[in-house]
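Read-outs throughout are calculated quantities, based only on the coordinates presented, and are distinct from any laboratory measurement. No experiment lies behind these values; they were computed from the predicted model shown. Cβ placement follows ideal geometry from the backbone for every residue including glycine, while neighbour counts extend to all protein chains displayed.
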Amino acid sequence: MARHLITSAIPYINGIKHLGNLVGSQLPADLYARYLRGRGHEVLFLCATDEHGTPAELAAAKAGKPVAEYCAEMWQVQDDLGRRFGLSFDHFGRSSSAQNHRLTQHFAGALDARGLIREVSETQMYSPADGRFLPDRYIEGTCPNCGFEEARGDQCDNCGKLLDPVDLIDPYSKISGSRDLEMKETKHLYLRQSALKDDLEAWIDSKTDWPILTTSIAKKWLHDGDGLQDRGITRDLDWGIPVKKGDAPWPGMEGKVFYVWFDAPIEYIACAQEWVDAGKGTDWERWWRTDKGAGDVTYTQFMGKDNVPFHTLSFPVTILGSGEPWKLVDYIKSFNYLNYDGGQFSTSRGRGVFMDQALDILPADYWRWWLLSHVPETADSEFTWEGFQAGVNKDLADVLGNFVSRVTKFCRSKFGEAVPEGGPDTPALPEQLAELDAKLQAYTAHMDAIDIRKAAAELRGIWVWGNEYLQAAAPWSTIKTDPELAAGQIRFALNLIRLYAVLSAPFIPQSAQTMLAALGDEAATWPDDLSAALTALPPGHAFTVPDNLFAKITDEQREDWQARFAGNTG
Ligand SMILES: [Zn+2]
């Protein structure tokens, strides 16, 4: 038994996530966590909401709520949707937690003590009427490029041009509307990432097993242009973690907060403290401190490709730069993007399927199966309703669901609702069993390597194997001539259902649970020995016929949903 720490990139707080977000980190992380638990390993699986920064403040203002209240509500919404999707986090924390406040301030103090933080004077737009410096997104004005009157300080939404607030014609504060703005000097803290460039490069070079997507992005940021740049870690905002040196004030930094990218990854660690403080665990340091037992932990992170720079460079600078024995990541699994039906998911235009809508129309396992079997591992992939309908109908309904239904119903009608006695224990031929065992080994190897598409294809092959076995064995014929043989064949097939439930649980946990409950064996464990697994349900063991596991998606449903989620294109 090994110990595995798993984190998913933490989703931003300002709204419900779409399926592209889900498949880019949380869902594959859950697959791996469930798989490792199924194999008997000790797993700590953590995720949280990323709550600080301007977008949260703006979303709260739009909702007419104080930002803390808005974040608390949205955390509840995301927590609930995660549960309903079967995301098996040991804890779903919040980057705004007291634990993260303390830890972020601690890291800043430790980095400063080692000379890795410098103060930089900058000029920034100040609004006397608001009594504060304004972040770029809090300033609007007329675009110098196209004349659009509501261009933001960072970008014009009309022509797309990237802007500086000083470029805007007739700028005003988005908070108060005041046009009395002035450029004023302010101080910010910068993390000296460039000072650790060589350490980072040596560390990344040592990770020869990482996906190319991960290392290529990291190397690009290390070397492109002038190389790795120092980064600002503070902002003039109210909502965030106040800038402090550990417990002590930071002279000149009063009223400022840490920038969201600095505190968000630290939440991975703080989340483990939250897990203990919530009474779910007893010792977080044995997962995170190499001097307190974390030396034998394997730490795997899951994220979309846009998050790779923060996890390969910025967060490691925080960890390495602190000089303290924190656990560094061992493996980073990154993903490309999932597109939606010929374009992109769009939150603002309501284009694509969001997590709450998905669960309104179909159970989580339908989505989990399709998304994981089409996860954008080596390239971007695309959600289409035709592809989704085909995947659900063929894989889940025709192959797995049909097998479970045929076997249990046939047994009930011919032998009753108990595993039949008599006949051979393993009626399949040795070469057939060898083929099944090879598929099981391949599935396990792909799951160990987090090759998710290959694992899904192999799992589907294992389901297909059962259908082919059943078709060839034809117990509906043998029962007429050799009832003993038919009994052995059905006993074997019922044990296959049990095997399928255990192997499929990481992908489709709710359906696997339904299958095991119907078989009266909810404690079934991973098949370390295939022949033992295929005789686990003994003659006489009672079962029930489960309700139809998967309903097929009709053409009418598909067309209806396609129109409903196309978004506002006007
Ligand atoms: Zn413009």
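Here r is the Cβ-Cβ distance between E484 and D560 and R0 is 41 Å; the resulting FRET efficiency, rounded to 0.05, is 0.25.
Please find the FRET efficiency linking A248 to E149, where r is the Cβ-Cβ separation and R0 is fixed at 35 Å, and quote it to the nearest 0.05. Intermediate results must be reported in sequence, preceding the final value.
Numbers: r = 46 Å, r/R0 = 1.31.
FRET efficiency, A248 to E149: 0.15.
Helix 483-504 versus the longest principal axis of the chain: what is the Cα-based angle in degrees, 0 to 90, to the nearest 10? With rounding to tens, the tilt is 10 degrees.
Here the residues T384, T123, ranked from fewest to most Cβ neighbours within 10 Å of their Cβ, fall in the order T123, T384.
Per Stokes-Einstein, at 37 °C and 0.692 mPa s, what whole-number D in µm² s⁻¹ belongs to the chain, with the Kirkwood radius over Cα pairs as the hydrodynamic radius?
Values: Rh = 26.4 Å.
Rounded to a whole number, D works out at 124 µm²/s.
Taking 25 Å as the limit for the C-alpha separation, the pairs K65/K161; K207/K327; K305/K454; K256/K327; K439/K552 exceed it in the case of K65/K161; K256/K327; K439/K552. As a rough footprinting exposure proxy, the listed residues V297, V166 were ranked by other beta carbons within 10 Å of their own, and the order from fewest upward is V166, V297. With a simple spin-label model that places each label point 7 Å from the Cα along the Cα-to-Cβ direction, the separation between E417 and A129 comes to 7.3 nm. For the pair T208 and D230, the difference between a 0.36 nm per residue extended length and the Cα-Cα distance amounts to 5.3 nm.
Amide H to amide H, with H built 1.01 Å from N, L338 comes under 5 Å of S381, counting only residues 5 or more places away or on other chains.
If the cut-off is a Cα-Cα distance under 19 Å, which aspartates and glutamates reach K409, setting aside same-chain residues fewer than 8 apart in sequence? The reachable aspartates and glutamates, counting only those whose Cα sits under 19 Å from K409, are D398, E417, E421, E468, E484, D521, D547.
If I stretch the segment between T298 and Q432 completely, what's the gain in nm (0.36 nm per residue apart, minus their alpha carbon distance), one decimal?
On the way: separation 134, 0.36 × 134 = 48.24 nm, distance 3.63 nm.
Between T298 and Q432, full extension yields 44.6 nm more.
Run the numbers for S121 and R453: contour at 0.36 nm per residue of separation, minus the present Cα-Cα distance, in nm. All intermediate terms of the calculation are to be shown ahead of the outcome.
Numbers: separation 332, 0.36 × 332 = 119.52 nm, distance 4.94 nm.
Computed gain between S121 and R453 is 114.6 nm.
In order along segment 13-20, the phi-based Karplus estimate (6.51 cos²θ - 1.76 cosθ + 1.60, θ = phi - 60°) of 3J(HN,Hα) comes to 6, 7, x, 7, 7, 8, 5, x Hz; Gly and Pro are listed as x.
Footprinting exposure proxy ranking of M183, M447, fewest other C-beta atoms within 10 angstrom first, gives M183, M447. For K184, a cut-off of 13 angstrom between C-alpha atoms picks up these aspartates and glutamates, skipping any fewer than 8 places away in its own chain: E122, D236.
In this calculation the C-beta distance from N158 to Q76 is compared with R0 = 35 Å, giving a FRET efficiency of 0.45. For segment 127-230, run through the GluC sites (Glu not before Pro) and keep only the ones in DSSP coil with at most 10 other Cβ atoms within 10 Å of their Cβ. In loop regions of segment 127-230 (DSSP not H, G, I, E or B), there are no sparsely surrounded GluC sites (Glu not before Pro).
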